[in-house]
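Shown next, in structure tokens, is the structure this report addresses.
The values are calculated or read from the model by the stated rules, or taken from the named source; none is laboratory data. Because the structure is a prediction, the values reported are computed rather than measured. When we count neighbours, we look across all protein chains shown, and the Cβ atoms used for this are built from the backbone with ideal geometry, even at glycine.
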Amino acid sequence: MRAFLIAGALLVGCQSTGSCPGGGEPPATLTVVDANSGITIADASAVARNGAFSEQLTHCGSNYCLGSTKAGTYQITVTAPGYKQGQASLDVSVDSCNVVDSTQHLSVKLLPACASLIMHVNGIGQQWSDCTPEQTYDRAQASAACMNLPYQGTLMCSSVQCPNPDGGVSLAICSDSRTNEPTDSGPPCDCWTYQGPGAGHVRVSNSGCACGVGADPAWY
């Protein structure tokens, strides 16, 4: 069963000065949620198509953003692991400067493909649900744990490698994406380890990104 949402057109005004402003808001943001629980699905993928044109929507905070200002009707297809496909439709109009007047906010509810959803916790207060068994530690689940952080603005989750005492490396997904190095310093950085001795643990650090270890809170 597919979920459908029809969004209204974005109305714009004409530019009368002959000059075009720079920047501008995205034509649309998309929130993907579980149809049963209403919890945000962080590891979804959304593709918008307008005739022969197509665009992969990008993460913007806990949502997905359409960047194209090509006028016309977009059909948006949404997929996520463990869920049935969902769809949305969006009409975009632009002025002579190729600018939209305001951002349209869409929401798509996906139905689970499994008989019952499994609730997961990210170890620092947030939850998400999917069809993946508990204590599955891989890149996809670590990314889901990261993308469910309640950040304002653009949330970036990236891969980090941390050296182990035995000479190997641990792998984690961290909420600070400025570099792929665990020595990065700056704002708080949360890291969910999915491979190595600390797999299943999350490290919250105010002094740079570091992989979670056994003494840190568990995520599953």
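Go through the range 42-66 residue by residue and tally those that are under 18 Å from S107 (Cβ atoms) and out of contact with any Asp or Glu (no Cβ under 6 Å at 6 or more places or on another chain).
Summing the residues that are under 18 Å from S107 (Cβ atoms) and out of contact with any Asp or Glu (no Cβ under 6 Å at 6 or more places or on another chain) in the range 42-66 gives 16.
Out of the range 122-135, which residues are part of a loop (DSSP other than H, G, I, E, B) and exposed (fewer than 14 other Cβ atoms within 10 Å of the Cβ)?
The answer is G125, P133, E134, Q135.
Yes or no, residue by residue, for (1) part of a loop (DSSP other than H, G, I, E, B); (2) of a type outside the set (K, R); (3) under 17 Å from M147 (Cα atoms):
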| site | (1), (2), (3) |
| --- | --- |
| Y64 | no, yes, yes |
| S68 | yes, yes, no |
| Y74 | no, yes, no |
| V78 | no, yes, yes |
| V94 | yes, yes, no |
| D101 | yes, yes, no |
| H120 | no, yes, yes |
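Residues L106, L90, L117: which one is under 16 Å from the mean Cα position of the chain (by Cα) and surrounded by 15 or more Cβ atoms within 10 Å (Cβ to Cβ)?
The unique qualifying residue is L106.
From T69, T103, T79, which residue is in contact with an Asp or Glu (Cβ under 6 Å, 6 or more places away or on another chain) and more than 25 Å from V202 (Cβ to Cβ)?
Selected residue: T103, the only one of T69, T103, T79 that is in contact with an Asp or Glu (Cβ under 6 Å, 6 or more places away or on another chain) and more than 25 Å from V202 (Cβ to Cβ).
List the residue pairs whose Cβ atoms are under 9 Å apart, where the first residue sits in the range 129-140 and is at pLDDT below 85, the second is part of a helix (DSSP H, G or I), and the two are 6 or more positions apart or on different chains.
Partner pairs satisfying both residue conditions: D130/Q141; D130/A144.
Yes or no: T69 out of contact with any Phe, Trp or Tyr (no Cβ under 8 Å at 6 or more places or on another chain) and surrounded by 15 or more Cβ atoms within 10 Å (Cβ to Cβ)?
Against the criterion (out of contact with any Phe, Trp or Tyr (no Cβ under 8 Å at 6 or more places or on another chain) and surrounded by 15 or more Cβ atoms within 10 Å (Cβ to Cβ)), T69 qualifies.
From (1) at pLDDT below 95; (2) surrounded by 19 or more Cβ atoms within 10 Å (Cβ to Cβ); (3) assigned to a loop (DSSP other than H, G, I, E, B), pick out the condition that doesn't hold for T154.
(2)
Please go through the range 32-61 and give me each residue that is part of a loop (DSSP other than H, G, I, E, B) and under 22 Å from V100 (Cα atoms), ordered by number.
G51, A52, L57, G61, listed by residue number.
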